[in-house]
Amino acid sequence: MTSSGRHATHEVLNQVPALADYDVAGDPALIAGLHREGGGWAEAELHVLGTLAGTAGTQEHARLANVHRPVLRTHDSRGRRVDEVEFHPSWHHLMSIAVSHGLHAAPWADDRPGAHVARAAKFLVWTQAEAGHGWRKPGCWRAWP
């Protein structure tokens, strides 16, 4: 006889509950630094991004992005050279959010004081969810699909 459910072997008492549905930007030192360095005007958006970074859904996308690593496809089925990198949809999800919040190039298009500080704070907060999708230089985000 087989069962599709999990078997409880014992109660685990020495582990903390999963950390989910919280504001990653809720760090007083980060907020103080943001204000001190002239980026206080970005605090509201930082909390929006921090709340998004702390969701269980984002954590699942991060897990999937790490389980399904990018795959280099050098040739198509007919032997033609294509040199494409195939990303799991979770990579696209994480990168889309990063780009929509200006992590790719916002300070170079925004002349407000503290624009680079605001981007750095948002980058720090968003990459708490998954850092691998943010490793490239800002101008290279569209180099791979």
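The values are calculated or read from the model by the stated rules, or taken from the named source; none is laboratory data. Everything numeric in this text was worked out from a predicted model, so none of it was measured. Every residue, glycine among them, receives a Cβ derived from its backbone with ideal geometry; neighbour counts consider all protein chains shown.
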* Structure fact -> Among (1) under 18 Å from Thr127 (Cα atoms); (2) at pLDDT below 90, Thr9 falls short only on (1)
* Asked: Using beta carbons and a limit of 8 Å, which pairs, at least six apart or on different chains, have the first residue in the stretch 100-111 and within 19 Å of Leu52 (Cα to Cα) and the second one hydrophobic (A, V, I, L, M, F, W, C) and in a loop (DSSP other than H, G, I, E, B)?
  -> His104/Trp141
* Asked: Among the residues of the stretch 41-89, which ones are basic (Lys, Arg) and either under 26 Å from Ala106 (Cα atoms) or over 13 Å from the mean Cα position of the chain (by Cα) (or both)?
  -> Arg69, Arg73, Arg78, Arg80, Arg81
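Which residue is surrounded by the most Cβ atoms within 10 Å (Cβ to Cβ), if the candidates are limited to the stretch 12-51 and must be free of Cβ contacts under 8 Å to residues at least 60 places away in the same chain and in contact with a helix residue (DSSP H, G or I) (Cβ under 7 Å, 6 or more places away or on another chain)?
Looking at residues that are free of Cβ contacts under 8 Å to residues at least 60 places away in the same chain and in contact with a helix residue (DSSP H, G or I) (Cβ under 7 Å, 6 or more places away or on another chain), I get Ile31.
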* Could you please find all residues in the stretch 18-42 being more than 15 Å from Thr58 (Cβ to Cβ) and either at pLDDT below 95 or not in a loop (DSSP other than H, G, I, E, B) (or both)? => Pro28, Ala29, Leu30, Ile31, Ala32, Gly33, Leu34, His35, Arg36, Gly40, Trp41, Ala42
* Take the residues in the stretch 56-86 that are within 15 Å of Ala129 (Cβ to Cβ) and polar (S, T, N, Q), then tell me which one is surrounded by the most Cβ atoms within 10 Å (Cβ to Cβ). => Thr58
* Out of Arg78, Arg73, sole residue that is out of contact with any Pro (no Cβ under 9 Å at 6 or more places or on another chain), farther than 25 Å from Asp21 by Cα, modelled with pLDDT under 95 and not in a helix (DSSP H, G or I) -> Arg73
* To do: Considering only the stretch 87-105, state which residues are of a type outside the set (Phe, Trp, Tyr), surrounded by 13 or more Cβ atoms within 10 Å (Cβ to Cβ) and modelled with pLDDT of 90 or more.
  => His88, Ser90, His92, His93, Leu94, Met95, Ile97, Ala98, Val99, His101, Gly102, Leu103
